[in-house]
Amino acid sequence: MSLWSRLSNTFRGDKVDRELDEEFASHLEEAVAAGRDPEEAKRAFGSVLRQRERSREFRVEAWMDSLRTDAVFGWRQLMKRKVTTAAAVLSLGLAIGACTGAFRLVDALFLRPMPVSHPESLYSVSYAGLNVMGQPATWNEGSYPLFLQMRDAVKNDAEVVAAEYISRRDLTFGNYQQTEQVALGAVSGEFFEKLGLQPALGRLIIAADDFLSHPQPVAVLSYDYWVRRFDADPKVLGKTFKLGGHAYEIVGVAPRRFFGTQPGTMVEVLIPALMESDTSRPDSSSQHVFVRPGRGISVSALASRLDAVYQHSEKERAKTFDDMPKNLLDGWPNSHVVLTPAAEGVSELQNAYRPALKALSVLVGMVLLIACANIANLMQGQAATRAREMALRVSLGAGRARLVRMVMIESTMLAFMAAACGFFFAWWTTPFVVQKMSSPSNPVQLSLQPDWNIAAFGLLLTLTVTLLFGIMPALRASSVRPAHVLKGGEEPQAQRAKMYTLIAAQVVFCFVVLFVAGLFMATSRQLEKRPLGFDAGRLLTMPTAAEQPQSVARWIELLDRLKALPGVKQVAFSGWSLLGGNQQNSFITVPGHAENQTLAYRLPVSPNWRKTMRISLLVGRDLRNDDLREHQALVNETFAKTYFESESPLGKTFSFRGNSASITVVGVVGDAVYRGLRERTLPQVYEPIFSSSNKDPSAFAEISSATLLVRTDRMKPEALEETLRKTVAEDTSFRVRMVRTQQELVDSLTIRERTLATLGTFFAGVALLLAAIGLYGVLSYSVLQRQKEFGVRIAIGASLANIAQLVTSRVIGMVLLGEALGITLGLSTSRYLESLLYGVKGSELSMLVVPIVILLGVALLAALPAAIRAWKINPVEMLRAE
């Protein structure tokens, strides 16, 4: 018979046996019809069973048939223990789902290459050195003029393109009154060409659109935005929108799967880089530069050449630094160029969540190991109950390999059922985690479609899990000694020792998960409890732009209109919001004091800003309207201590290094968090907004943008958003870009920590549940194996306390051993996670108490039912059964 026929017969099961039986019966009937005696014909034919087995060898593939038989038997074994199987599948499925969900995030953020030509040859220009705080750091953003210099320096040996950091921007379509916010990206003219991208419609941005002298106001839409916003209408070409005072013409649609170069943020509209007003400034660092070395060009040699360009460019730029101390200027720049692989793109989200996802992977890996140890103990127990069956199989001629295969097939079926449940769990949880990582003003967008990476990971994970929990029971089954087992002999001590060892391993992993989850929760609480120095409640921030720079009077009129609205208590404005991500800093010169190299933050504000923010005034007075014509300012408490030490700063003057204008301190306010919750408080200067950019104190500066601050009496201040927008829009010179609560800005800085705390708590609960199930299972098995011993002890007067001690003593010992090992591993893990933690340094030892107590409590709770079950053993009935 052909191979295909034998393979198909393998899965026909009993039908093949019936066909063979019918064929044998027809042969006997023919013999009887030919005159032979029926009994003689049967004797001559031989054993029907033997003939059937011989004939099957020619009709089916023997190895495939053997696998099918073992699979059917394994399925029946699983179905005989439905409750146990369901519990195993659900617990293992939860762990597999957690691992798969974590990998989906890793894949979407770090492993999925951009849909460009030869992404594996793409590198990102990074800069490694010291940040403004003097701490080691790596960053990816550089200036556009620097990009041009790099491109020209290596134009014969590499392709160099640039993409600006994607930002949320307002634009208007149609009659220029329909304002909407989009994710805007700006790219260099050769960006699409060098990356080998082809348009889905129209054309893409080309080099002629990005000339330094006359950039063209053209735009390309992303494919998803085109479909979502314009319903994939091809007539979108030629339409215009207004952005930043320019009317842009839509000339094309980007390729379908191109979402930009920043994983986590999907670009919607792309424009030429030089259309952005600040792009040509050498101090505007917003460009991600990508390099593709030419054939035969060494990456290290290329990095050295680019670093030489960077060093020369920065030294030339440093000549314009009026406020930098000489010792810092002499060593400038304190960084160098590094080329890093960038097949997947480059984003801040990658940098922020790389350590977090590593920590998450460690947690889910430990949960998986706990689940595997549980199932291994379960399978070990079942193997012990099937010892006589295995002994009989060996006695009848079954080989060791056949027994291993039979048990491994059962384990594989269990693992694949758990994997199916796990994949459904991962399909739901990954978008949930992405949502937790997002904020309303900065949504995280990841491409989570299944790919070959996820499929390969799922298959490899399932096979690994099968080996982890299946190999020990399989080897035990194959090593059975028939003579010993069939005579009634067992080896319970060795069996229990293996199970107790797995219990200790479970406790180690569970302890670490609980400890790390506690660290994440403490970090989240510490950040949320950190004093802000201002009241973030019931406060709205409204970044607002003017079509043309406006005078003092126009901005004050706008404030007056807002203040007259019902529900509005106080209004003010500043250059930007505290904790909004923007910053301005300078070195400070104080007459009569030694040069200080501490940077100070600056923030231009209106006179009523301090009261609106509710920052405490320690000494002196607040800013007044007449301070707009005189260089006077508020400083924070740290500023006073840093630059004036024990002296009172009131009435004293200082200046920003490189600016000769003297500024008089009129008041000292409490410290407020400026840019981030994790950074230490720096000196801060709050200066009048209308004169902050002028060296002439008698001149006013007309400004084109500011952040309006509105304090309301509403529990939900965002309810006033529509009213505030309409009021601002009454003057067509102004346009609100975005409305956010100050509390939202604060919360956005703790998203990562809150996400880790939530996930850590969830995984800690899962680990604890699995550990409890494992402890209960081992104790129940121990009671079952020792019930004769317990019966005798009860018969001679043992109390419940005695029985409980016998049941729990060894398990408690294993729990204590696991906790001791867990303490060591947990402390090592905390040092590895140091960059993710805040406010917990020095308190790690005290935090070890919680998982110690919890695990001991769980062990005692799991032991109580087993002890009661052992004490209820009836010795009389047991002896009768014997």
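Does at least one position in the range 621-637 carry a residue that is modelled with pLDDT under 90 and more than 30 Å from Ile556 (Cα to Cα)?
no
Suppose the filter is farther than 30 Å from Val840 by Cα, aliphatic (A, V, I, L, M), under 37 Å from the mean Cα position of the chain (by Cα) and surrounded by 16 or more Cβ atoms within 10 Å (Cβ to Cβ); does Leu634 pass it?
No; evaluated as a whole, the condition is false for this residue.
Output the residues belonging to the range 831-864 that are charged (D, E, K, R), within 18 Å of Phe509 (Cα to Cα) and free of Cβ contacts under 8 Å to residues at least 12 places away in the same chain.
Scanning the range 831-864 gives a single hit, Arg831.
In the list Ser280, Ser335, Ser285, which residue meets the criterion of being touching a residue at least 12 places away in the same chain (Cβ under 8 Å), over 20 Å from Val161 (Cβ atoms) and among the polar types (S, T, N, Q)?
Going through Ser280, Ser335, Ser285 in turn, the sole match is Ser335.
Identify all residues within the range 826-838 that are crowded, with 16+ Cβ neighbours inside 10 Å and in a helix (DSSP H, G or I); write none if there are none.
Within the range 826-838, Gly826, Thr829, Ser830, Leu836 qualify.
Can you find, within the range 312-325, the residue that is modelled with the lowest pLDDT among those that are part of a helix (DSSP H, G or I) and farther than 11 Å from Leu146 by Cβ?
Per the stated criteria, the residue is Ala318.
Taking into account only those residues within the range 359-406 that are closer than 18 Å to Gly74 by Cβ and at pLDDT 80 or above, which is nearest to the chain's Cα centre (by Cα)?
Ile375
Is at least one residue of the range 754-771 under 20 Å from Asn377 (Cα atoms), of a type outside the set (D, E, K, R), in a helix (DSSP H, G or I) and touching a Ser or Thr at 6+ places or on another chain (Cβ under 7 Å)?
For the range 754-771, residues under 20 Å from Asn377 (Cα atoms), of a type outside the set (D, E, K, R), in a helix (DSSP H, G or I) and touching a Ser or Thr at 6+ places or on another chain (Cβ under 7 Å): present.
List, please: which pairs have Cβ atoms under 7 Å, are six or more places apart or on different chains, and start with a residue in the range 755-767 that is in contact (Cβ under 8 Å) with a residue 40 or more places away in the chain and farther than 10 Å from Val433 by Cβ and end with one that is part of a helix (DSSP H, G or I) and among the hydroxyl-bearing types (Ser, Thr, Tyr)?
Pairs that qualify, where the first residue is in contact (Cβ under 8 Å) with a residue 40 or more places away in the chain and farther than 10 Å from Val433 by Cβ and the partner is part of a helix (DSSP H, G or I) and among the hydroxyl-bearing types (Ser, Thr, Tyr), are Ala757/Ser524.
Open to solvent by 20 Å² or more (accessible area, probe 1.4 Å) and part of a helix (DSSP H, G or I) - does that describe any residue in the range 133-147?
Yes, there is a match, as at least one residue in the range 133-147 is open to solvent by 20 Å² or more (accessible area, probe 1.4 Å) and part of a helix (DSSP H, G or I).
Please go through the range 600-619 and give me each residue that is in a strand (DSSP E or B) and surrounded by 17 or more Cβ atoms within 10 Å (Cβ to Cβ), ordered by number.
Ala600, Tyr601, Arg602, Leu603, Pro604, Val605
If we scan the range 451-464, do we find a residue that is aliphatic (A, V, I, L, M), closer than 30 Å to Ile751 by Cα and open to solvent by less than 40 Å² (accessible area, probe 1.4 Å)?
yes
Considering the range 270-311 alone, what residues qualify as being open to solvent by less than 50 Å² (accessible area, probe 1.4 Å), outside any strand (DSSP E or B) and within 30 Å of Tyr248 (Cα to Cα)?
If the condition is that a residue be open to solvent by less than 50 Å² (accessible area, probe 1.4 Å), outside any strand (DSSP E or B) and within 30 Å of Tyr248 (Cα to Cα), then Ala273, Leu274, Met275, Glu276, Thr279, Ser284 are the ones that fit.
For Gln684, indicate whether it is exposed (fewer than 15 other Cβ atoms within 10 Å of the Cβ) and in contact (Cβ under 8 Å) with a residue 60 or more places away in the chain.
No: the conditions fail for Gln684.
Consider Thr727 against the criteria (1) surrounded by fewer than 18 Cβ atoms within 10 Å (Cβ to Cβ); (2) over 29 Å from the mean Cα position of the chain (by Cα); (3) among the polar types (S, T, N, Q): it satisfies all of them except one. Which criterion is unmet?
All conditions pass for Thr727, except number (1).
State whether the residues of the range 80-93 include one that is of a type outside the set (A, V, I, L, M, F, W, C), open to solvent by less than 30 Å² (accessible area, probe 1.4 Å) and in contact with a Pro (Cβ under 9 Å, 6 or more places away or on another chain).
Checking the range 80-93: not a single residue is of a type outside the set (A, V, I, L, M, F, W, C), open to solvent by less than 30 Å² (accessible area, probe 1.4 Å) and in contact with a Pro (Cβ under 9 Å, 6 or more places away or on another chain).
All but one of (1) in a helix (DSSP H, G or I); (2) out of contact with any Gly (no Cβ under 6 Å at 6 or more places or on another chain); (3) of a type outside the set (Gly, Ala, Ser) hold for Tyr248, so report the exception by its number.
For Tyr248, the failing item is (1).
State whether the residues of the range 646-666 include one that is surrounded by fewer than 16 Cβ atoms within 10 Å (Cβ to Cβ), within 17 Å of Asn582 (Cβ to Cβ) and modelled with pLDDT under 90.
No, the range 646-666 contains no residue that is surrounded by fewer than 16 Cβ atoms within 10 Å (Cβ to Cβ), within 17 Å of Asn582 (Cβ to Cβ) and modelled with pLDDT under 90.
Working only within the range 839-882, note down all residues that are open to solvent by less than 90 Å² (accessible area, probe 1.4 Å), at pLDDT below 85 and closer than 30 Å to Arg354 by Cα.
Residues satisfying the conditions are Gly839, Val840, Gly842, Ser843, Glu844, Ser846.
Could you tell me which numbered condition Ser577 fails, if it satisfies all but one of (1) open to solvent by less than 30 Å² (accessible area, probe 1.4 Å); (2) in a strand (DSSP E or B); (3) closer than 29 Å to Leu682 by Cα?
Condition not satisfied by Ser577: (2).
Picking from Leu806, Leu845, Leu816, Leu821, which residue would you name as being under 30 Å from Ile751 (Cα atoms) and assigned to a helix (DSSP H, G or I)?
Result: Leu845 is the single residue among Leu806, Leu845, Leu816, Leu821 that is under 30 Å from Ile751 (Cα atoms) and assigned to a helix (DSSP H, G or I).
The values are calculated or read from the model by the stated rules, or taken from the named source; none is laboratory data. Because the structure is predicted, anything quoted here is derived from the model rather than measured. Here Cβ is always computed from backbone atoms with ideal geometry, including for glycine, and neighbour counts include all displayed protein chains. Heads up: the accessible areas ignore ligands, DNA and RNA and are worked out on the full protein's heavy atoms, side chains in. Shrake-Rupley method; radii C 1.70, N 1.55, O 1.52, S 1.80 Å.
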